[in-house]
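The values are calculated or read from the model by the stated rules, or taken from the named source; none is laboratory data. None of the values given here were measured: they were computed from a predicted structure. Here the Cβ positions follow ideal geometry from the backbone for every residue, glycine too, while neighbour counts run over all protein chains shown.
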Amino acid sequence: MSDDTILVGAVAYDPKVVTIWEGIRAYFQDQGVRMDFALYSNYERQVESLLRGHIDIAWNTPLAHVLVQQRTSNQSLSLGMRDSDQDFRSKILVRRDAGIKSLSDLEGKTLAVGSRDSTQARILPLHFLRQESVDLDKVNLLAFDTDVGKHGDTGTSEIDVLSALHDGRAQAGAVGDLIWVLEQSAGRIDANVIEVLWTTPPFDHCMFDALPSLAAEKAERFKKALFAMDWNDPRHRHILELEGLKQWMPPREEGYETLRDALRQHGAAR
Amino acid sequence: MSSASVASIAVEGGDLSLGEGLLAIIRPALDLMEPGGVIAVLSCSRQTEEDLSTWCRIERHEFLGCEEISEGKFRHLIRRGSLSVPKGERETALNLPLRDGMLTAADVLAAVPMPERADPATGFAPRGARAEPGGPSFPYTLTERDTVAPPQIAELYDQAVGAQWDATRDIAWDKIRPLPAALETALGQMMTFLAENELSALYLPSKFISQIHPAYAEVAMFLATQLADEARHIDVFLKRARVKGGLGISSATSSRSLLSLLVLTDFTEAAFLLSVLGEGTFLDLLKFIERHAPDEPTFDLARRARADETRHVHFGLAHVRHALAHDDSLYSRLESSVRRRAATLHNVGGVPSAIQDALTILAARGSDPPSVRRGHESFRELLHTMHENRVKRLESAGFTREQAETLSRLHTPNFM
């Protein structure tokens, strides 16, 4: 295979990932850009492969993105993200009957959280709670460590958190605002039972990462094709819907600062 | 919040949260806006601001901010984004006319006319609905009004719906008595032939329904009545044969003729060969059966079937006439399709012999030689009448007398 093919890594967190990347590959070909993809079962392996130069670009979770930056001494290239990756927040939800009126009331209660590598349902909500002076040693954590390695992509652990709240196994829970709003608009949240106690500050989510050695011309071809996808074009719409975005956006770094802090202070998981 | 943002409309959200149905108030309000238009959402729910902001991020609307307008009462401003905006004008009250309390498809069509061309990406969106962009393209091939929809299509549909009848209850089956053996056999043969031909008239139009763009749905709806008619005819003809007798034979000639219809791929050619030429010829055949019917139920079912077939012929004529008026090349295309079909049937000879005999015996009302002589004479007259009437129909479709004569003679000896 000739060298000008751009090889992108992605994690197969769901069968639809094959559909998404077959679609993106076909779209890139239509744009005259040779692209192929390699699927990994977990982000740790994908990050290693990127660092070893097996793939040109990796479609990374925020945790994987920050790890790549650490491992490359901040020399890695950020190529693009989804509109839906910007200004993510996490929600601390509580049962209305739990008597939790402030963050300090969480002490002594059960807080359901997602997988240990989920940025939005575990790492950052706990980090922000510490910053708000909640003593997590006094909070009983009910952790749903499902799909570890997928960095929370499947959303399974967030759905588990919501079930635990609905059925009373937990009095409080942490989920991303995307799931919170989507589950509400799908009619799957009982507003008589669950309410929002607190919303975290914003942070950013997934990112296309590359090594600094990626040829500038390859990076440009990739970005040009990526940013030309159009929500109103039926040929692109299906892929964008599956991947959960309406528009690809240029990268920005400030949205990962709190995650870097959290990893520096507490490591990858509690 | 931008002070320049002035909301065009305000909606009252009360204390509803997103999880309690608030979006059912917000989304229809946003739908009234052009992209860039701003709505105000009045709310006294504490959660609303953050959830609305997240929802706007997901939907690519712009959340302009929130201000407290009085104690515990907030105003959120949302600017409509440019994605997922349906195309076309919003349909408003059409003031459809009622006639004696009835609402006809023809009046609806007059109020919501068919577009000249239709976009396959609007899928199954009914004409008049605004289609959200980004939907898949559908495999419609009939996307131009003048090749698919004659102007009187909705009237034909209204008539067809009003004229449906029931092969189980509407025929006086109890009035059928046993016939002399020769006549019973001839009748069974005729009914077999009619049912076989009606099967082809059921199958052929059904091939085209899924090719018709829903902007011209009245055509598909009319064809659906045509299919229901054919189903009923098949039912009633087979029942008539079986009340006291049984079915006759299916000839290879009929089979070859009907296959040459079934393989047609062009809607206008099919309407021409099936409805104008085939079903047109069947009008004379059914009239013949009425005239020589051995009993009242047989007369009645042939008469009813002929009334239905007359509508199909009207549709075929209207369709072909309208298409001819918009496409000069169509004359020669239709002519060559008749010639092509005739070429595939060139050695089939005359009317299938079993049908010749059945028609003769039917007209003779028996098999004694003097009656058979009369019956045979009637059969020969039928062929002549069929030709004369085909020529008239072809002329009415827009062909010259000379073209009509030629095409009529090339028509299949199988009648359909």
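Before moving on, here are some points about what is shown:
- Condition met for B:Gly21 (on the phi > 0 side of the Ramachandran plot and surrounded by fewer than 21 Cβ atoms within 10 Å (Cβ to Cβ)): yes
- When residues of the range B:64-83 are limited to those that are modelled with pLDDT under 95 and under 50 Å from the mean Cα position of the chain (by Cα), the one farthest from B:Met33 (Cα to Cα): B:Leu83
- Single unsatisfied condition, A:Gly9 versus (1) loosely packed, with under 14 Cβ neighbours inside 10 Å; (2) in contact with a helix residue (DSSP H, G or I) (Cβ under 6 Å, 6 or more places away or on another chain): (1)
- All of (1) among the hydroxyl-bearing types (Ser, Thr, Tyr); (2) in contact with a helix residue (DSSP H, G or I) (Cβ under 7 Å, 6 or more places away or on another chain); (3) surrounded by 17 or more Cβ atoms within 10 Å (Cβ to Cβ); (4) within 14 Å of another protein chain (Cβ to nearest Cβ) hold for B:Thr122 with one exception: (2).
- Taken over the range B:1-18, the criterion of being at pLDDT 90 or above and more than 20 Å from B:Gly72 (Cα to Cα) is satisfied by B:Ile9 alone.
- Test for A:Ala174: is it small (Gly, Ala, Ser), crowded, with 23+ Cβ neighbours inside 10 Å and more than 14 Å from chain B (Cβ to nearest Cβ): yes
- Entry remark, the range A:129-184: residues being closer than 19 Å to A:Phe88 by Cα, modelled with pLDDT of 95 or more and assigned to a loop (DSSP other than H, G, I, E, B) number 1 in total.
- From A:Asp135, A:Asp160, residue being more than 14 Å from chain B (Cβ to nearest Cβ) and either buried (at least 18 other Cβ atoms within 10 Å of the Cβ) or within 30 Å of B:Ser82 (Cα to Cα) (or both): A:Asp160
- Some residue of the range B:361-376 being more than 30 Å from B:Ala181 (Cα to Cα) and modelled with pLDDT under 95: no
- Residue that is in contact (Cβ under 8 Å) with a residue 24 or more places away in the chain and part of a helix (DSSP H, G or I), where the choices are B:Ser367, B:Ser332, B:Ser337, B:Ser371: B:Ser337
- Filtered residues of the range B:254-266 (kept if surrounded by 21 or more Cβ atoms within 10 Å (Cβ to Cβ) and not small (Gly, Ala, Ser)): B:Leu258, B:Leu261
- Annotation note: of A:Gly108, A:Gly155, the sole residue that is without any contact (Cβ under 8 Å) to a residue 40 or more places away in the chain, among the small types (Gly, Ala, Ser) and closer than 25 Å to A:Asp204 by Cβ is A:Gly155.
- Qualifying residue in the range A:247-267 (condition: under 25 Å from A:Phe128 (Cβ atoms), facing another protein chain (nearest Cβ under 9 Å) and crowded, with 18+ Cβ neighbours inside 10 Å): no
- When B:Ala343, B:Ala270, B:Ala318, B:Ala302 are screened for being out of contact with any strand residue (DSSP E or B) (no Cβ under 7 Å at 6 or more places or on another chain), assigned to a helix (DSSP H, G or I), free of Cβ contacts under 8 Å to residues at least 60 places away in the same chain and crowded, with 19+ Cβ neighbours inside 10 Å, only B:Ala302 passes.
- From the list B:Ala154, B:Ala110, the one residue that fits, being crowded, with 16+ Cβ neighbours inside 10 Å and not in a loop (DSSP other than H, G, I, E, B), is B:Ala154.
- Taking every residue in the range A:132-143 that is within 22 Å of A:Gly168 (Cβ to Cβ) and of a type outside the set (A, V, I, L, M, F, W, C) and pairing it with any residue that is buried (at least 16 other Cβ atoms within 10 Å of the Cβ) and at pLDDT 95 or above, at least 6 positions away or on another chain, the pairs with Cβ-Cβ distances below 6 Å are A:Asn140/A:Thr110.
- Options A:Arg260, A:Arg264, A:Arg237; residue that is free of Cβ contacts under 8 Å to residues at least 60 places away in the same chain, closer than 16 Å to A:Leu63 by Cβ and not in a loop (DSSP other than H, G, I, E, B): A:Arg264
- Inter-residue pairs, beta-carbon under 6 Å, first hydroxyl-bearing (Ser, Thr, Tyr) and in the range B:165-192, second at pLDDT 95 or above, 6+ apart: B:Thr192/B:Leu247; B:Thr192/B:Gly248
- In the range A:210-230 there is no residue matching the filter, namely being touching a residue at least 40 places away in the same chain (Cβ under 8 Å), of a type outside the set (Lys, Arg), assigned to a loop (DSSP other than H, G, I, E, B) and within 30 Å of A:Arg96 (Cβ to Cβ).
- Residue that is nearest to the other protein chains (Cβ to nearest Cβ) [pool: residues in the range A:196-230 that are acidic (Asp, Glu) and out of contact with any Leu (no Cβ under 7 Å at 6 or more places or on another chain)]: A:Asp230
- Applying a threshold of 6 Å to beta carbon distances and a minimum spacing of six or more residues, or different chains, the list of pairs starting in the range B:387-403 at a residue that is touching a residue at least 60 places away in the same chain (Cβ under 8 Å) and ending at one that is hydroxyl-bearing (Ser, Thr, Tyr) and surrounded by 19 or more Cβ atoms within 10 Å (Cβ to Cβ) reads B:Arg390/B:Ser408.
- Residue that is farthest from the chain's Cα centre (by Cα) [pool: residues in the range A:68-91 that are within 12 Å of another protein chain (Cβ to nearest Cβ) and of a type outside the set (Ser, Thr, Tyr)]: A:Lys91
- Single condition A:Val33 does not satisfy, out of (1) part of a loop (DSSP other than H, G, I, E, B); (2) β-branched (Val, Ile, Thr); (3) crowded, with 20+ Cβ neighbours inside 10 Å: (3)
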